[in-house]
1. Would you be able to tell me the number of residues in region 66-91 that are within 18 Å of V11 (Cα to Cα), part of a loop (DSSP other than H, G, I, E, B) and not acidic (D, E)?
2. Taking interchain pairs and intrachain pairs at least six residues apart, which have beta carbon atoms under 9 angstrom, with the first residue in region 1-17 and free of Cβ contacts under 8 Å to residues at least 40 places away in the same chain and the second exposed (fewer than 11 other Cβ atoms within 10 Å of the Cβ) and part of a loop (DSSP other than H, G, I, E, B)?
3. Quick one: how many residues across region 62-91 are within 21 Å of Y7 (Cα to Cα), within 14 Å of the ligand (Cβ to nearest atom) and surrounded by fewer than 17 Cβ atoms within 10 Å (Cβ to Cβ)?
4. Is there any pair linking a residue in region 20-33 that is of a type in the set (D, E) to one that is part of a strand (DSSP E or B), with Cβ under 7 Å and at least six apart or on different chains, and which?
5. Among the residues of region 47-61, which ones are surrounded by 13 or more Cβ atoms within 10 Å (Cβ to Cβ) and modelled with pLDDT under 95?
6. Looking at (1) closer than 24 Å to N85 by Cα; (2) in contact with a Pro (Cβ under 9 Å, 6 or more places away or on another chain), find the lone condition where L29 falls short.
Amino acid sequence: MNLHDGYRKLVSVQGQQMLLCQEEGSLRLFSRHCPHEGQVLDKATVVQDVLTCPRHHIQFSLSDGKPLRSLCGSLRVYNLVYEGNSVGVDE
Ligand code: FES
């Protein structure tokens with residue numbers, strides 16, 4: 001993997017489409033689809049710990065997936081674990 005800020009890759013975890021994303025030096029793994037109305041999040045904005053959906057601009061914490069200032073469901077977020085040069089999912 002050639003990781004850099006702006007890196008995004010579609011991956012499958014347990015049959016679900018997820019996005020592996022690096023911004024500001026932090027690698028994150030979260031659901032490809034917004035829990036609000038299913039918008040694909042490939043072009044979502046990620047600043048610090050907050051993802052903003054491009055459709056209705058609801059923001060989600062990437063620590064726990066919870067929406068900020070909204071009552072919609074949480075974004076599925078996975079914890080990443082590192083072993084040598086490998087990255088895996090902590091279930
Ligand atoms: S579909 Fe993402 S905020 Fe509405």
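The values are calculated or read from the model by the stated rules, or taken from the named source; none is laboratory data. In this text, all values refer to a predicted model and were calculated from it rather than measured experimentally. Note: ideal-geometry Cβ built from the backbone for every residue, glycine included; neighbour counts use all protein chains shown.
1. Residues that pass the stated criteria total 3.
2. From residues that are free of Cβ contacts under 8 Å to residues at least 40 places away in the same chain, the pairs are D5/E24; D5/G25; R8/K43; Q14/E91.
3. Result for region 62-91: 1.
4. E23/V46
5. Within region 47-61, D49 is the sole residue that qualifies.
6. Among (1) closer than 24 Å to N85 by Cα; (2) in contact with a Pro (Cβ under 9 Å, 6 or more places away or on another chain), L29 violates only (2).
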